[in-house]
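A.B. asks: Here's a structure for you.
The values are calculated or read from the model by the stated rules, or taken from the named source; none is laboratory data. The shown structure was predicted, so the numbers you read here are calculated from the model rather than taken from an experiment. Cβ coordinates were reconstructed from backbone atoms using ideal geometry, including for glycine residues, and neighbour counts include every protein chain displayed. Quick note on the areas: whole protein, heavy atoms, side chains included, nothing else; ligands and nucleic acids left out. Shrake-Rupley method; radii C 1.70, N 1.55, O 1.52, S 1.80 Å.
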Amino acid sequence: MTTIRSCFFTFLLSILCAACGPADAPDTADAAAPGQDGIDLLVLGDWVVTMDPDRRVIRNGAVAIDDGVILAVGDALELASAYPAQATLPGEGRVVMPGLVNGHSHAAMTVLRGVADDLALMDWLNNYIFPAEVAFVDSEFVRIGTELACWEMLRGGTTTFVDMYYYPDTIADVVDRCGMRALISATVIGQRSPDAEGAGDSITNGIGFIDRWQGRNPRITPIFGPHANYTLNADQLAATRAAAIEHDVPISIHLSESPYEVQYSTDTYGTTSIHMLESIGFFDGPTIAAHVVWPTEDEIPILAEREVGVIHNPTSNMKIASGVSPVTAMLAAGVRVGLGTDGAASNNVLVMWEEMRLAAFLQKVDRMDPEALPATTVLSMATDGGARAIGLGDKIGSLEPGKQADLIQVVFDDVHHVPLYDVVSHLVYVSDEQDVGAVVVDGKVLMRDGDFLTLDTGRIAIEARELAARIQRELAERNSIDGAD
């Protein structure tokens, strides 16, 4: 009976979408009427999970989109009548929801996936990653790695990401072409790096990047990315913030990530990481803080008062044994908390569904409370809450009229979705990247049923494998020479 009803419902919608004339917009919309040719896109779903302030889940719903903006969210039959569309994404067996927000990544590090595993953070960084980056990372490395990351993130329903890596112009070019939304950091680090000789050079290069990209593409926000307080001194961190304020851009930084960092800060500055940054006015502008595993009880209120966006990276934190972030306590204190994957060299995948599941489970077992971090809260951290954490809460993260049309369809036809009692529970505890059926960013369909419309995935795979083979050969040659010595 359910199948018959669903098919009949789809049949009615197909008639309406193809032949109906314009009508008054339903109450769910507060936007201009569509043009004579109809709106750009109507996205249907057996369920529409809006993540709006009322947390509405609409049965047999739809989202009307025109010129990259959501016009209306509501009943599918009403919207199909009110908004004849040039294109429609059918919704049988599908959930429509906001696109996922990955608040912390190093996209190009997909090329280093698996190059060094099962190591503590500082050993991993100093003895493997930093040397490999100086040896191998150039603009071509970053292009290939970022394209590979965008392919992986789109496949999993991520529509927006915050990135921190080298050659930010190259990253921006890739994002521009593939159609995703991103905050792209010009990395600042107090040592020689692939694209700078030190902190001063990094800041100068970052200013040039920001000047080139600020206001150029509404989907791309250029920002500064000072690496951490153990790779930059207080003066360099303060100079980075001053440059960010002067150019009116946010900052993304690794913060309170490991016991090593906290001890380093205490030994060097006489106080813990968050207190140290507060003392130099670092939080005087918008800040996205990755990890925040070890904040003290008196530091958490600083994060809330300063409206710092904290990005929880459960998989990476677990793999490198950095610890369990006090997410529940931060949320209770009013801190803005989102989710991130970190880079593929420390995760090793860019799958936000896994981050949602693990974020919930970690808090439950750490607090020995199954009610800690429920599914709705975790889904918010990956959508509207994540958008607020990175400073885009007024533009994306929920399905509401006036917001940018960044959304996905999740297909609920696989065995792990049978039976279905609670849609939100399934999204957090059941769904994975293979369930994503369509991805829309800024009103444009970027992926549909496994077809990527803005990425040449065949070429990307070939280039990534060729680059990895070259890196592997050179590493083997170096190890051979070191062994002979």
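A.B. asks: Between V324 and D54, what is the label-point separation in nm under the 7 Å Cα-to-beta-carbon projection?
C.D. replies: Going by the 7 Å Cα→Cβ label model, 3.7 nm.
A.B. asks: Under the 0.36 nm per residue contour assumption, what length would be gained going from the current alpha-carbon distance of D413 and A304 to full extension?
C.D. replies: Here the answer is 35.2 nm.
A.B. asks: For region 364-474, what relative contact order do you get, as a whole percent, if you take Cα pairs closer than 8 Å and at least 6 residues apart?
C.D. replies: Here the relative contact order equals 18 percent.
A.B. asks: Report the extension gain between D211 and A120 in nm, rounded to one decimal, defined as 0.36 nm multiplied by the number of residues separating them, less their alpha carbon distance.
C.D. replies: Stretched out fully, the D211 to A120 stretch lengthens by 29.0 nm.
A.B. asks: Note down the magnitude of the dipole of region 110-168 about its Cα centre, charges +1 on Lys and Arg C-beta and -1 on Asp and Glu C-beta and zero elsewhere, to the nearest 20 debye. Mind showing how you got there, number by number?
C.D. replies: Values: 3 positive and 9 negative charges, 36 e Å.
Roughly 180 debye, rounded to the nearest 20.
A.B. asks: Lys/Arg Cβ at +1, Asp/Glu Cβ at -1, dipole of the chain taken about the Cα centre: which of T457, A196, T146 is farthest positive-ward?
C.D. replies: T457
A.B. asks: Give, as ranges by residue number, the residues of region 70-109 whose backbone N falls under 20 Å from the point 7 Å along Cα→Cβ of D422.
C.D. replies: Counting only backbone N, you get 95-98.
A.B. asks: Subtracting the Cα-Cα distance from 0.36 nm times the residue separation, let me have the gained length for L453 to T266 in nm, one decimal.
C.D. replies: Taking 0.36 nm per residue and subtracting the Cα distance, the gain is 62.3 nm.
A.B. asks: Using a Förster radius of 51 Å, what is the FRET efficiency between A476 and A234 based on their Cβ-Cβ separation? Nearest 0.05, please. Each step should come with its number before you reach the end.
C.D. replies: Values: r = 41 Å, r/R0 = 0.81.
E(calc), rounded to 0.05, equals 0.80.
A.B. asks: From the P(r) of region 338-485, could you give the percentage of C-alpha pairs in the tail past 20 Å?
C.D. replies: The answer is 64 percent, as a whole percent.
A.B. asks: Based on Cβ point charges of +1 for Lys and Arg and -1 for Asp and Glu, what charge dipole magnitude is obtained for the chain about its Cα centre, in debye rounded to the nearest 20?
C.D. replies: Details: 31 positive and 68 negative charges, 110 e Å.
Magnitude of the dipole: close to 520 debye.
A.B. asks: Projected onto the charge dipole of the chain (+1 at Lys/Arg Cβ, -1 at Asp/Glu Cβ, origin at the Cα centre), which of L41, A476, G68 gives the Cα projection farthest towards the positive end?
C.D. replies: L41
A.B. asks: Continuing with the same structure: Taking all protein chains in place and a 1.4 Å probe, what share, in percent, of the accessible surface of the chain do carbon and sulfur account for?
C.D. replies: Summing carbon and sulfur atoms, their accessible area is 51 percent of the total for the chain.
A.B. asks: Which one, (1) 72, 59, 40; (2) 121, 59, 46; (3) 74, 49, 44, gives Cα extents along the principal axes in Å as derived from the coordinates shown?
C.D. replies: (3)
A.B. asks: Rounded to the nearest 5, what % of the DSSP beta bridges within the chain are antiparallel ones? Write down the numbers at each step before the final one.
C.D. replies: Working: 31 of 66 bridges.
If I count the DSSP bridges inside the chain, around 45 percent turn out antiparallel.
A.B. asks: Heads up, I need the accessible area for L475: 1.4 angstrom probe, whole protein in place, Å², nearest 10.
C.D. replies: In the full protein context, L475 sits at about 60 Å².
A.B. asks: Still on this structure, I have one more. Rounded to the nearest 5, what % of DSSP beta bridges with both residues in region 204-337 are antiparallel?
C.D. replies: On the way: 0 of 11 bridges.
The antiparallel proportion sits near 0 percent.
A.B. asks: Given a 1.4 Å probe and heavy atoms of the protein chains only, how would you sort D369, D54, D435, largest accessible area at the top?
C.D. replies: The most accessible residue leads, giving D54, D369, D435.
A.B. asks: Please say if region 358-416 is rounded, prolate or oblate, where rounded means a/c under 1.5 for a ≥ b ≥ c the square roots of the C-alpha gyration tensor eigenvalues, and otherwise the choice is prolate for a/b larger than b/c and oblate otherwise? Provide the component values of the computation, followed by the final result.
C.D. replies: On the way: a/c = 3.40, a/b = 1.42, b/c = 2.39.
Taking the square roots of the gyration eigenvalues as a ≥ b ≥ c, region 358-416 is oblate.
A.B. asks: Put a dot 7 Å past each Cα toward the Cβ at M368 and N127; how far apart are the dots in nm?
C.D. replies: Between N127 and M368, the simple spin-label model gives 3.6 nm.
A.B. asks: Please give the Cα centre distance for region 44-68 versus region 232-257, rounded to the nearest Å.
C.D. replies: Distance between centres, Cα-based: 38 Å.
A.B. asks: Distance between the C-alpha centers of region 105-148 and region 277-297? Whole Å please.
C.D. replies: Value for the Cα centre distance between the two parts: 25 Å.
A.B. asks: Rounded to the nearest 20 debye, what is the charge dipole size of region 354-402 about its Cα centre when +1 sits on each Lys and Arg Cβ and -1 on each Asp and Glu Cβ?
C.D. replies: So the dipole magnitude of region 354-402 works out to roughly 40 debye.
A.B. asks: Something else: Can you tell me, using C-alpha contacts under 8 Å and at least 6 residues apart, the relative contact order of region 177-299 as a whole percent?
C.D. replies: In percent, rounded to a whole number, it is 23.
A.B. asks: Ok, one more. V418 accessible area, nearest 10 Å², 1.4 Å probe?
C.D. replies: Estimated to the nearest 10 Å², V418 gives 110 Å².
A.B. asks: Heavy atoms only, 1.4 Å probe, whole protein assembly: order E92, E257 by accessible area, highest first. Provide the component values of the computation, followed by the final result.
C.D. replies: Numbers: E92 90, E257 10 Å².
Ranked from most to least accessible, the order is E92, E257.
A.B. asks: Hey, what number do you get for the chain at 222 nm if only DSSP H runs of n ≥ 4 count, each worth -39500 (n - 2.57), divided across all residues, to the nearest 500?
C.D. replies: -12000 deg cm²/dmol
A.B. asks: Please say if region 343-388 is rounded, prolate or oblate, where rounded means a/c under 1.5 for a ≥ b ≥ c the square roots of the C-alpha gyration tensor eigenvalues, and otherwise the choice is prolate for a/b larger than b/c and oblate otherwise?
C.D. replies: The shape class here is oblate.
A.B. asks: How much accessible area does Y128 have with a 1.4 Å probe, in Å² rounded to the nearest 10?
C.D. replies: Roughly 100 Å² of Y128 is accessible to a 1.4 Å probe.
A.B. asks: In addition: Could you count how many Lys pairs in the chain have their Cα atoms under 24 Å apart, skipping same-chain pairs fewer than 8 positions apart?
C.D. replies: Value for the chain: 4.
A.B. asks: Another one. What relative contact order, as a whole-number percentage, does the chain give when Cα pairs under 8 Å and 6 or more residues apart are counted?
C.D. replies: 18 percent
A.B. asks: Also, I was wondering about something else. Solvent-accessible area per residue for the chain at a 1.4 Å probe radius, Å²?
C.D. replies: 39 Å²
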